[in-house]
Amino acid sequence: MTPSAHHPRLALARPAQHPLADTVRKAGWRPVPYSFTCLKVTAGAPPLPLDQVRALLVLSPSGAKVAATALPPGMTCLVQGAGTADALGREDLDVQLPSEARAEALWDLLQTRFPQGGDFILARGERSREYLEVAARDSVWRIHPWITHREAPREPFPPLPKVEGVLALSPLQAEILAPLAGDVQRFAWGEATAEAFAKAGAPAHAHCEPKPSLLWAMLAQHLKKEESPC
């Protein structure tokens with residue numbers, strides 16, 4: 001790493017003031033917003049009538065925005081994080097959050113809130129990692145996926161800015177970035193994203209579980225390693 005790169009640039013698909021961009025800064029990198037994918041709403045209806053399920057599970061703000069207008073007043077919604085709750089934009093819903101913004105914690109909340117099980121609709125993106133579906137398989141918690149949106153490359157596609165590293169936040173982003181990144185450092189948010197980099201022939205230099213604290217640790221550690229004398 002050259003002396004001028006004390007704060008190397010890292011491209012990520014988040015605006016400059018996003019919490020993940022703040023995490024990148026705290027780790028010693030300079031975030032470079034790079035919006036190269038977009039979310040497209042799917043036209044599918046819920047897999048079951050919303051008034052026939054015990055609750056709606058929501059993994060992301062994108063899924064919340066799509067589902068919000070269809071929800072009956074008073075419906076119980078178990079959402080993965082505060083941003084997802086805000087995206088619902090409804091004060092007439094029974095919104096509940098897990099102890100931390102992870103699918104694993106949402107699964108724990110579901111079991112605690114509905115110990116007897118039942119039918120639940122899960123609003124999620126087309127390529128979500130399907131943790132909840134797998135966890136609930138052969139259990140009394142019957143989860144019915146509702147694919148509300150999908151991620152797609154932007155058109156026209158923007159060129160990759162001049163950076164020293166890229167952070168892929170989804171498998172699709174990794175597939176797109178793999179042939180573009182060249183010699184820059186490749187980082188992956190989540191194991192599935194790291195696997196997508198590998199399948200595309202450009203393995204990630206490092207990956208972390210999707211938690212801001214672990215992203216900070218990964219980036220800070222990698223920067224320290226790069227700056228260490230030989």
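A few points about this structure:
- Dipole magnitude of the chain, debye to nearest 20 (Cβ charges: Lys/Arg +1, Asp/Glu -1, about Cα centre): 500
- Solvent exposure of the chain as accessible area per residue, Å², 1.4 Å probe: 51
- For the chain, taking Cα atoms only, Rg and Dmax work out to 19.2, 64 Å respectively.
- Charge-dipole axis of region 75-224 as Lys and Arg at +1 and Asp and Glu at -1 on Cβ define it, positive-most pick from His205, Pro98, Thr193: His205
- Projecting the Cα atoms of Gly118, Pro179, Val79 onto the charge dipole of the chain, computed from C-beta unit charges around the Cα centre, puts Pro179 farthest toward the positive end.
- Evaluating kT/(6 pi eta Rh) at 20 °C and 1.002 mPa s, with the Kirkwood radius of region 1-77 over Cα pairs in the Stokes-Einstein relation, gives 135 µm² s⁻¹.
- Cα gyration tensor, region 24-117 - rounded (a/c under 1.5), prolate or oblate: oblate
- Share of carbon and sulfur in the accessible heavy-atom surface of region 1-74 [1.4 Å probe, %]: 58
- Most to least accessible of Lys40, Lys224 (protein chains only, probe 1.4 Å): Lys224, Lys40
- Heavy-atom surface analysis with a 1.4 Å probe gives region 140-206 a carbon and sulfur content of 54 percent of its accessible area.
- For Lys40 and Lys162, the FRET efficiency from 1/(1 + (r/R0)^6), where r spans their Cβ atoms and R0 equals 25 Å, is about 0.30.
- Under 23 Å of direct C-alpha separation, and excluding same-chain neighbours fewer than eight residues apart, Lys224 reaches these lysines: Lys26, Lys162, Lys211.
- 3J(HN,Hα) from dihedral phi, region 21-37, Karplus parametrisation 6.51/-1.76/1.60, rounded to Hz, x for glycine, proline: 5, 4, 4, 4, 4, 5, 7, x, 9, 9, x, 10, x, 9, 8, 10, 10
- Straight-line cross-link partners of Lys65 among the lysines, defined as a Cα under 19 Å from its Cα and at least 8 positions apart when in the same chain: Lys40.
- Electrostatic dipole magnitude of region 71-126 [Cβ: Lys, Arg +1; Asp, Glu -1; Cα centre; debye, to 20]: 60
The values are calculated or read from the model by the stated rules, or taken from the named source; none is laboratory data. Because the structure is predicted, anything quoted here is derived from the model rather than measured. Quick reminder, even Gly has a Cβ in these numbers, built from the backbone with ideal geometry, and neighbours come from all protein chains shown. Ligands, DNA and RNA are stripped out before the accessible areas are found, and what is left, the full protein with its side chains, is counted by its heavy atoms. Shrake-Rupley method; radii C 1.70, N 1.55, O 1.52, S 1.80 Å.
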